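Working notes for the structure below.
The values are calculated or read from the model by the stated rules, or taken from the named source; none is laboratory data. This is a predicted model, so every value here is computed, not measured. When we count neighbours, we look across all protein chains shown, and the Cβ atoms used for this are built from the backbone with ideal geometry, even at glycine. SASA here: full protein model, heavy atoms, side chains in, ligands and nucleic acids out. Shrake-Rupley method; radii C 1.70, N 1.55, O 1.52, S 1.80 Å.
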Amino acid sequence: MADVQIGIIMGSQSDWPTMKEAAAILDALSVPYATRIVSAHRTPDRLWDYGKTAVDRGLKVIIAGAGGAAHLPGMMASKTRLPVIGVPIQTRALHGVDSLYSILQMPRGYPVATMAIGAAGAANAGLMAAGILALNDPALAQRLDQWRADLSASIPEEPTDD
């Protein structure tokens, strides 16, 4: 397996059903990644260590999914210079709007690229991370172009009654 350049982190095990959509996209593009549960609130020392060592471990992009107060992406952005892509997890109480606002409203100096709420956002986070790596990886750029072409080709020109 090639060197892992993308980290997928989430606040809890319950976030995995959403975050596995990012992993599925990276699998389809043959991009290696590593997953980890890192809670901003319950495992702050783990968060600090993950962020402080991310560059030295060879990571290039971090995808961080969190729900509710959703501080994980922003706190991770405060601990590393790497691009952080935030995925708001859908919640029962506010349907993920709480997660979205918590990730989106970062103060100046700590940017987080924020995706849509839920599975679509996680899939797009995988695509965004691959796109960032593809800037310096022609083979990945070609795979990403082919993935996008295949997606376009899968859309019919006319509706059917199926």
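Scanning the range 1-29 for residues that are outside any strand (DSSP E or B), open to solvent by less than 10 Å² (accessible area, probe 1.4 Å) and of a type in the set (Gly, Ala, Ser) yields ALA22, ALA23.
For the range 30-59, a residue qualifies if it is in a loop (DSSP other than H, G, I, E, B) and aliphatic (A, V, I, L, M), and the qualifying residues are VAL31, VAL38, ALA40, ALA54, VAL55, LEU59. Only residues that are hydrophobic (A, V, I, L, M, F, W, C), surrounded by 18 or more Cβ atoms within 10 Å (Cβ to Cβ) and free of Cβ contacts under 8 Å to residues at least 60 places away in the same chain were counted in the range 58-81, giving 7.
Any residue at all in the range 90-106 that's of a type in the set (Gly, Ala, Ser) and over 20 Å from SER39 (Cα atoms)? For the range 90-106, residues of a type in the set (Gly, Ala, Ser) and over 20 Å from SER39 (Cα atoms): absent.
Being within 19 Å of LEU26 (Cβ to Cβ) and in contact with a Pro (Cβ under 7 Å, 6 or more places away or on another chain) is true for just one of GLY86, GLY118. Which residue is that? Checking each option against the conditions leaves just GLY86. Only one of the listed residues (ASP137, ASP161, ASP150) is closer than 23 Å to VAL4 by Cβ, surrounded by fewer than 19 Cβ atoms within 10 Å (Cβ to Cβ) and of a type in the set (D, E, K, R). That residue is ASP137.
Restricting attention to the range 75-115, the residues that are closer than 23 Å to ALA23 by Cβ and in a loop (DSSP other than H, G, I, E, B) add up to 8. Among the residues of the range 123-161, those identified as within 16 Å of ILE25 (Cβ to Cβ), of a type outside the set (S, T, N, Q), out of contact with any helix residue (DSSP H, G or I) (no Cβ under 6 Å at 6 or more places or on another chain) and without any contact (Cβ under 8 Å) to a residue 12 or more places away in the chain are ASP137, ASP145, ARG148, ALA149, ASP150, LEU151.
Identify all residues within the range 1-57 that are among the acidic types (Asp, Glu) and touching a residue at least 40 places away in the same chain (Cβ under 8 Å); write none if there are none.
Answer for the range 1-57, where residues must be among the acidic types (Asp, Glu) and touching a residue at least 40 places away in the same chain (Cβ under 8 Å): ASP3, ASP15, GLU21.
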